[in-house]
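Where a number appears in this text, it was derived from the coordinates with a stated rule and is not lab data. What you see is a predicted model; the values in this text were computed from it and never measured. FYI the Cβ positions are ideal-geometry reconstructions off the backbone, even for glycines, and counts take in every protein chain you see.
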Amino acid sequence: MPVISGLNPGALASATRRVAVVGAANMDILVHTSMGLAPSDSNPGSILCAPGGVGRNVAENLARLGLASQLFSVVGDDVFGQALLAATQQAGVNVSAVSVWPGSSSASYLAWHGSDGDMLAAVNDMGLLNKLTPEVLQEKLSELKQAQIMVLDCNLTLPTLAWLLQSPNIPIFVDAVSVVKCEKVRPWLSRLQLLKVNQREASVLSGMQVETTDQARLAASMLHRAGVKQVVVSLGGDGVAWCDADGQTGHRPAHKVAVVNTSGAGDALLAGLVLCCSEGLPLPQAVQGAMACAEITLASPHANSPHLSVTALRAHLGDAGWPGGDWQPNQP
């Protein structure tokens, strides 16, 4: 079991805000078509390769928002792996704890998006992440111990998640990732400072149907009663529902924005939640800032918007002002 000393979950605002992000790093291969899919035929469109992976995306967004972000992941010793490390480091992320696995291909993710920017289908090749074992992370324990906040994604194997979730005295934020993978975190709900899920993941973990905002609020409340301190349910175009540490639920509708690409919006949402919660904001106000991060990302063709920053966040919120009034996040 790792022994990681950190801040009290109720005192996030006092942290120096070093964030350890443990999760997937992969190359995204994004396909866009302007017309409907013609099966068994060649479809005209565009293909873009860009750095991705839930954990890696969150780490990059955190760095762009001015936090000291360190990524713990694994890549192959191939062209994709080299590109992932270079791009992630250039974005401001500490990649010294990323393992390079000899003779292996880096993880990749192929997503097909339609004319509305929404995803039609996807294929992930994430087998390399199985190499990120507790034994590998044990060798990096001294770096993990420096973090005041930990972010995990459920691409990690069950043994690795279990090893990390036994870490005492450190707030842990988790992205559920998918309907299948979110089940891994069920035994550890009481260890989570914040869990971010979408409607389908909330339905699986709560055991109830989640189609409306009221149902999302109820599912968030059920997960809170199951032990999660704070729950955020992403509802896509219907906004975000949540349950805070006091068991109070709420919902914020989404703003209408021009959607270029939905990939990465959830990762930006989670990064925004980490930033705002680390500043000590109540969850409803943290959600406001986090949704602005997601909206900035939706307007980018990339999973990580190169325009995301504290300055862009301030401009995007506009008349709404900073959530919390006088709140001024530290500049990058």
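In table form, for the structure just shown:
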item	result
J(HN,Hα) series, segment 60-71, from Karplus relation 6.51 cos²θ - 1.76 cosθ + 1.60, nearest Hz, glycine and proline x	5, 4, 4, 5, 5, 8, x, 8, 7, 9, 10, 9
Expected 222 nm ellipticity per residue - DSSP helices of 4 or more, -39500 (n - 2.57), all of the chain, to 500	-8500 deg cm²/dmol
P(r) histogram, all alpha-carbon pairs of segment 184-296 included - 10 Å bins from 0, percent	16, 50, 31, 3
Ranked packing of 70-82, 265-277, 116-128, most packed first, by mean Cβ within 10 Å	265-277, 70-82, 116-128
Cα-based equivalent ellipsoid, segment 105-212: semi-axes from gyration tensor eigenvalues, Å	26, 20, 12
Scattering curve values for the chain, log₁₀ I(q)/I(0), Debye with Cα scatterers, q = 0.10, 0.13, 0.14 Å⁻¹	-0.53, -0.93, -1.09
Burial order of peptide ranges 130-143, 207-220, 36-49 (average beta-carbon count within 10 Å, highest first)	207-220, 130-143, 36-49
Net charge of neighbours whose Cβ lies under 15 Å from the Cβ of Asn155, counting Lys and Arg as +1 and Asp and Glu as -1	-2
Length gained when the stretch Val260-Ala83 is fully extended (0.36 nm per residue, less Cα-Cα span)	61.3 nm
Equivalent-ellipsoid semi-axes of segment 226-267, from the Cα gyration tensor, Å, largest first	24, 12, 6
Förster radius 22 Å - calculated FRET efficiency between Gln90 and Leu141, Cβ distance, rounded to 0.05	0.25
Fewest-first ranking of Ser96, Ser263, Ser105, using other Cβ atoms within 10 Å as the exposure measure	Ser96, Ser105, Ser263
Distance violations [Cα-Cα > 31 Å] among Lys184/Lys256; Lys145/Lys196; Lys145/Lys256; Lys131/Lys256	Lys184/Lys256; Lys145/Lys256; Lys131/Lys256
Residues with amide H under 5 Å from that of Gln230, placed H, sequence gap 5 or more	Leu194, Leu195
Backbone HN-Hα couplings from phi across segment 123-131 [Karplus 6.51/-1.76/1.60, Hz, Gly and Pro as x]	10, 10, 10, 10, x, 4, 5, 4, 6
3J(HN,Hα) from dihedral phi, segment 108-118, Karplus parametrisation 6.51/-1.76/1.60, rounded to Hz, x for glycine, proline	9, 9, 9, 10, 10, 10, x, 5, 8, x, 7
Sorted by Cβ density within 10 Å, fewest first, the residues Leu62, Leu205	Leu205, Leu62
Neighbour-count order for Arg191, Arg186, fewest beta carbons within 10 angstrom listed first	Arg186, Arg191
Percent RCO, i.e. relative contact order, over segment 31-96, from Cα pairs under 8 Å lying at least 6 residues apart	29
Amide proton proximity set for Trp101, modelled H, under 5 Å, gap of 5+	Val75, Gly76, Asp77
Nonlocal amide H pairs with Asn198, under 5 Å, H built at 1.01 Å	Ser234
Whole-Å semi-axes of segment 131-174's equivalent ellipsoid (Cα gyration tensor)	15, 13, 8
